[in-house]
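Below: one structure, written as structure tokens.
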Amino acid sequence: MPAIAIIGAQWGDEGKGKATDLLGSSVDYVVKFNGGNNAGHTVVITQDDGTSEKYALHLLPSGILTPGCTPVIGNGVVVDLSVLFEEIDGLEKRGIDTSALKVSASAHVIADYNRQVDKVTERFLGSRRIGTTGRGIGPTYADKMNRIGIRIQDLFDEKILRSKVEGALELKNQILTKIYNRRGFTVDAIVEDLLQYADRLAPYVCDTGLLLHEALERGETVLLEAGQATLLDVDHGTYPFVTSSSATAGGACTGSGIAPSRLTQVIGIVKAYTTRVGEGPFPTELHDENGEFLRKAGWEFGTTTGRPRRCGWYDAVIARYAARVNGVTDFVLTKLDVLTGLEQVPVCVAYDVDGVRHDEMPVNQTDFHHAAPIFEYLPGWAEDISQARTFEDLPANAQAYVKRVEELSGARMSVVGVGPARDQSVVIHPLV
Ligand code: IMP
């Protein structure tokens, strides 16, 4: 019966993998519904003997690590097949069974030329570049919208595949050779590259929309896990400094084929501070030793690209915005432990835009670029909170921090993360 969406409420890397993992055995299906291998979930699983294993997943839904759970790559995803099988092989080598994976026949495929176009476009844009991950995500979604994309199902009909690749390359090769002065691609090379995966892929492919519908009809629980986050959503994010997919709760429905009326819960993930990779406005960004502190203490380096993340204080304006756009029912506040040791913790409550106070996201991009944070300063705490498991275990100032950001952010804080391991969470309201 319940379909639950997990959404990043900032600019990504909020720790969604951990929240997914926390729902654990109560979930029957975990669906990735947008993006591709630009995402990066790090999941830490503590074994019975106390040792922990760290998994970095880029394309596979984190539910692949939960026995009994069916991981699904939905129609809204763009799939790099070499990465898909690299991840499958990597997990199988570590003893993880991946045979339950389902891949939508309607998901689009990232072809070699999409990666090439991504890289050369960024170089061409120069100072106006987006700072993409270079994985070909944007160009593949552009092909989808232009109706010249290649879908998973095309791999099972060579004639169709060839004719679609021919169509796409007619345009791409002109762009690559005439505008960017690069070598073009041959139809044969692209078709051959894609076809090498067809036999291995076939057992995973199905009508995932129907599969999920039937699961919901049977009363099973479906978790829709967003890649990227609200402020990177192509419609609702800080355009053009966004990814090319729909990373919000609306996208969870479009990208999976689940009807909006099925969604019963929307879990927003927010970090106790803010990070961003790539270019674009970021009002609470810190360029001083505090930013360095957050980067080091929170180990803020990209899972996918290794890039150092830009760091800043908690921004309640964007949290409120994310609560509204997604209809967040519960927030999971991650990495509270990273703030331990600060004398006081600033929280951005509103923006000053050229002398005018804004309590909500400014409507114009230019205003958002000019937004200066208006801070409230909350008292910090020095106690180690990594062992806290109930709200009462937290020191008074940490409790007050959680309560205040809850008041400012537009939905209840149901879980607080106090360390990277699965059990390092304070559960205030159980998620399911
Ligand atoms: P693309 O998704 O590679 O096209 O990159 C577009 C923007 O989204 C860039 O600023 C990326 O850094 C950002 N981005 C993409 N994936 C992630 C993610 O998983 N976390 C944070 N930022 C991301």
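The values are calculated or read from the model by the stated rules, or taken from the named source; none is laboratory data. Remember, predicted model here, so these are calculated numbers, not experimental data. Using ideal geometry, Cβ is built from the backbone for each residue, glycine included, and neighbour counts are taken over all protein chains shown. Calculation scope for accessible area: heavy atoms of the full protein, side chains included, ligands and nucleic acids excluded. Shrake-Rupley method; radii C 1.70, N 1.55, O 1.52, S 1.80 Å.
Mind checking which residues of the range 254-280 are over 20 Å from T208 (Cβ atoms) and open to solvent by 20 Å² or more (accessible area, probe 1.4 Å)?
Matches in the range 254-280: Q265, V277, E279.
Got a sec? Which of A252, A247, A215 is aliphatic (A, V, I, L, M) and part of a loop (DSSP other than H, G, I, E, B)?
Answer to the selection: A247.
Taking the conditions exactly as written (open to solvent by 40 Å² or more (accessible area, probe 1.4 Å) and of a type in the set (F, W, Y)), does F156 satisfy them or not?
It is true that F156 is open to solvent by 40 Å² or more (accessible area, probe 1.4 Å) and of a type in the set (F, W, Y).
Check the range 235-253 and report whether any residue there is charged (D, E, K, R), open to solvent by 40 Å² or more (accessible area, probe 1.4 Å) and away from the ligand (no atom under 16 Å from the Cβ).
Looking for residues that are charged (D, E, K, R), open to solvent by 40 Å² or more (accessible area, probe 1.4 Å) and away from the ligand (no atom under 16 Å from the Cβ), one finds none in the range 235-253, hence no.
Residues are listed down the side, and each one gets a yes or a no for (1) out of contact with any Gly (no Cβ under 6 Å at 6 or more places or on another chain); (2) farther than 30 Å from H41 by Cβ; (3) of a type in the set (V, I, T):
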{"residue": "D154", "(1), (2), (3)": "yes, no, no"}
{"residue": "D157", "(1), (2), (3)": "yes, yes, no"}
{"residue": "N181", "(1), (2), (3)": "yes, yes, no"}
{"residue": "L210", "(1), (2), (3)": "yes, no, no"}
{"residue": "G227", "(1), (2), (3)": "no, no, no"}
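Looking at the range 405-432, which of the residues that are more than 21 Å from the chain's Cα centre (by Cα), crowded, with 16+ Cβ neighbours inside 10 Å and of a type in the set (V, I, T) is nearest to C348 (Cα to Cα)?
Filtering the range 405-432 for residues that are more than 21 Å from the chain's Cα centre (by Cα), crowded, with 16+ Cβ neighbours inside 10 Å and of a type in the set (V, I, T), the one nearest to C348 (Cα to Cα) comes out as V405.
All but one of (1) at pLDDT 95 or above; (2) within 16 Å of the ligand (Cβ to nearest atom); (3) touching a Phe, Trp or Tyr at 6+ places or on another chain (Cβ under 6 Å) hold for S256; which doesn't?
Unmet for S256, out of (1) at pLDDT 95 or above; (2) within 16 Å of the ligand (Cβ to nearest atom); (3) touching a Phe, Trp or Tyr at 6+ places or on another chain (Cβ under 6 Å): (2).
Wholly within the range 1-111, which strands (runs of 3 or more DSSP E) include no fewer than the required count, namely at least 1 residues that are modelled with pLDDT of 95 or more, surrounded by fewer than 22 Cβ atoms within 10 Å (Cβ to Cβ) and more than 14 Å from the ligand (Cβ to nearest atom)?
By residue number, 102-104.
Can you tell me which of A400, A388 is hydrophobic (A, V, I, L, M, F, W, C), open to solvent by less than 60 Å² (accessible area, probe 1.4 Å) and not in a loop (DSSP other than H, G, I, E, B)?
The unique qualifying residue is A400.
For E279, are the conditions met, namely being of a type in the set (D, E), within 14 Å of the ligand (Cβ to nearest atom) and modelled with pLDDT under 95?
Taking the combined requirement at face value, the residue satisfies it.
Select from the range 325-383 the residues that are within 25 Å of the chain's Cα centre (by Cα) and open to solvent by 70 Å² or more (accessible area, probe 1.4 Å) and write down the one among them that is farthest from T238 (Cα to Cα).
If we take residues in the range 325-383 being within 25 Å of the chain's Cα centre (by Cα) and open to solvent by 70 Å² or more (accessible area, probe 1.4 Å), then E360 is farthest from T238 (Cα to Cα).
Just one of the numbered conditions (1) away from the ligand (no atom under 16 Å from the Cβ); (2) modelled with pLDDT of 95 or more is not true of Y141; which one?
So Y141 meets the others, but not (1).
Report yes if some residue within the range 94-103 is of a type in the set (D, E, K, R), without any contact (Cβ under 8 Å) to a residue 40 or more places away in the chain and either touching a Lys or Arg at 6+ places or on another chain (Cβ under 7 Å) or more than 27 Å from R324 (Cα to Cα) (or both); otherwise report no.
Scanning the range 94-103 turns up at least one residue that is of a type in the set (D, E, K, R), without any contact (Cβ under 8 Å) to a residue 40 or more places away in the chain and either touching a Lys or Arg at 6+ places or on another chain (Cβ under 7 Å) or more than 27 Å from R324 (Cα to Cα) (or both).
Hand me the list of strands (runs of 3 or more DSSP E) wholly inside the range 255-352 holding 2 or more residues that are in contact with a Gly (Cβ under 8 Å, 6 or more places away or on another chain) and of a type in the set (S, T, Y).
274-276
If K296 satisfies every condition in (1) within 16 Å of the ligand (Cβ to nearest atom); (2) closer than 19 Å to P346 by Cβ; (3) charged (D, E, K, R) but one, which is the exception?
K296 satisfies every listed condition except (1).
Restricted to the range 214-225, and to residues that are surrounded by fewer than 18 Cβ atoms within 10 Å (Cβ to Cβ) and of a type outside the set (K, R), which residue is nearest to L23 (Cα to Cα)?
In this case the residue turns out to be E220.
Looking at (1) among the basic types (K, R); (2) part of a helix (DSSP H, G or I); (3) closer than 24 Å to G278 by Cα, which is the one condition that is false for R135?
Here R135 meets the rest and fails (2).
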